[in-house]
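Working notes, beginning with the structure itself.
No lab work stands behind these numbers, since they all come straight from the coordinates. Owing to the predicted nature of the structure, the values given are computational and were not obtained by experimental measurement. Glycine also receives a Cβ, built like all others from the backbone with ideal geometry; neighbour counts cover every protein chain displayed.
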Amino acid sequence: MHTWLLPEYIADILPAEARLVEERRRALLDLFHVHGYQLVSPPLIEFIESLVTDGELDLRTFKLTDQLSGRQMGLRADIAPQVARIDAHLLNRNGVVRLCYAGSVVHTLPGSLLGSREQLQVGAEIYGHAGVEADAEIIGLLLDALRQLGVSKVQLDVGHVGIFRSLVAHFGIVGEQQQTLYAALQGKDAATTRDVLAQLSLAAAQCFGALASLHGGAEVIERARTLLPDLPQIAVALDALLAIGRAVQAKGAELYFDLVELRGANYHSGLVFAAYAPGWPNSIARGGRYDDVGSRFGRARPATGFCFDLRELIGGLSLPDAPQAVLAPYGEQDVELDSAIARLRQQGEMVIVDLPGHGSGAGELNCDRTLVKVDGQWIVRPL
């Protein structure tokens, strides 16, 4: 067995990309900071009960046994539940809390054929405000973050799982039938959807058939008011979608309503959204409202947020040219040379000392200038 081979869907990050990832990570955290989001850094490993919030996340989580307690632990597959735990149990504040994070997560299986099982998850969350204002703020911050990363022409797909939940409750659809209907609608599987609808009452079949057709521009909201039952929860959800639509358009992003965007419906409790952009085959960011997650940690709190894999995002961008460096000679106990090198580094220059006994050329070291001594002074000259 070759010891240098990595597992499938696991990869190293080489210098040029690693430098860009780190620069963008710092810039994103600075952006979150000026918006009032406080950085938290949860542990990579926890007891499994704290990490897993639904069946899908359970399947994606690596599990192992703690040698100290004998309890089952997990290697985190999502940081958001950890941040919800921090808000609910450690900070224990009553007002609005804004938190952000950036850290590694690992998955048992890749999310797509081009995906990785190790991601650098970056995200932001708002706790304590149930109104649509928090959703609008978090979406605005996501669009600002994507713009800062250099992602242009963002399309935001927006839905609301509360509509589906209200309808299945209204028609009394439960258990396996509800799960099959959910999977068919979410997967845009027309054949399976027809088979499931055929097993429902006529009124329910007509309603869910209409729901499957409700995707497109702002006109979708008015069509939904006409086609769907006049239920209070649905009216509230449609009003929220309309408000979010105005906020998204004010940010200059394209808007697409999809009322059967149900991904994560067992986790999310209201508004859900996904961002898409040319150059990436899948969504580049996801988010939504998840008011019920905090109850696992003893205190349910209104919550909304987003996250994305920074490594995957960077992979779709063109890498900038590596910065050029200054090549300095090796000088043992040369105080003047050491001072000149230190001065250049304080000015932000990259200075590489050419250690003795190596034949590395300036090109290999990416140097376009050299430090030479002229008339007793160390100066920088082009190569």
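Tabulated data for the structure shown
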item: Choice from E349, E133, E332 showing the highest fluctuation, given a GNM over the chain with Cα pairs closer than 10 Å; result: E332
item: Euclidean distance between Cα centres, region 173-205 to region 243-278, Å; result: 23 Å
item: Crossing angle, helix 15-34 versus the chain [Cα axis fit, 0-90 degrees, rounded to tens]; result: 60 degrees
item: The chain: angle of helix 132-149 to the longest principal axis, Cα-based, in degrees nearest 10; result: 30 degrees
item: Lys, Arg +1 and Asp, Glu -1 on Cβ, resulting dipole of region 169-248 about Cα centre, debye, nearest 20; result: 120 debye
item: Euclidean distance of C-alpha centroids, region 290-322 and region 1-53, integer Å; result: 11 Å
item: Whether region 90-189 is rounded, prolate or oblate, judged on the alpha carbon gyration tensor where a/c under 1.5 counts as rounded; result: oblate
item: More than 25 Å apart - percent of Cα-Cα pairs taken over region 155-276; result: 18 percent
item: The chain: angle of helix 161-171 to the longest principal axis, Cα-based, in degrees nearest 10; result: 20 degrees
item: Trypsin sites (Lys or Arg not before Pro) lying in DSSP loop within region 106-184, provided at most 12 other Cβ fall within 10 Å; result: K153
item: Prolate/oblate/rounded call for region 261-383, Cα gyration tensor, a/c under 1.5 rounded; result: prolate
item: GluC sites (Glu not before Pro) within region 1-107: DSSP coil, no more than 11 neighbouring Cβ in 10 Å; result: E8
item: The chain, helix-only ellipticity at 222 nm - DSSP H runs n ≥ 4, -39,500 (n - 2.57), divided by all residues, nearest 500; result: -11000 deg cm²/dmol
item: Within the chain: Cβ-based charge dipole about Cα centre, in debye rounded to nearest 20 (Lys, Arg +1; Asp, Glu -1); result: 660 debye
item: Label-point gap, in nm, between Q206 and F62 - each point 7 angstrom along Cα→Cβ; result: 5.4 nm
item: In region 42-116, the trypsin sites (Lys or Arg not before Pro) that fall in loop regions by DSSP, at most 15 other Cβ within 10 Å; result: R71, R93
item: Prolate/oblate/rounded label for region 1-160 (Cα gyration tensor, a/c 1.5); result: oblate
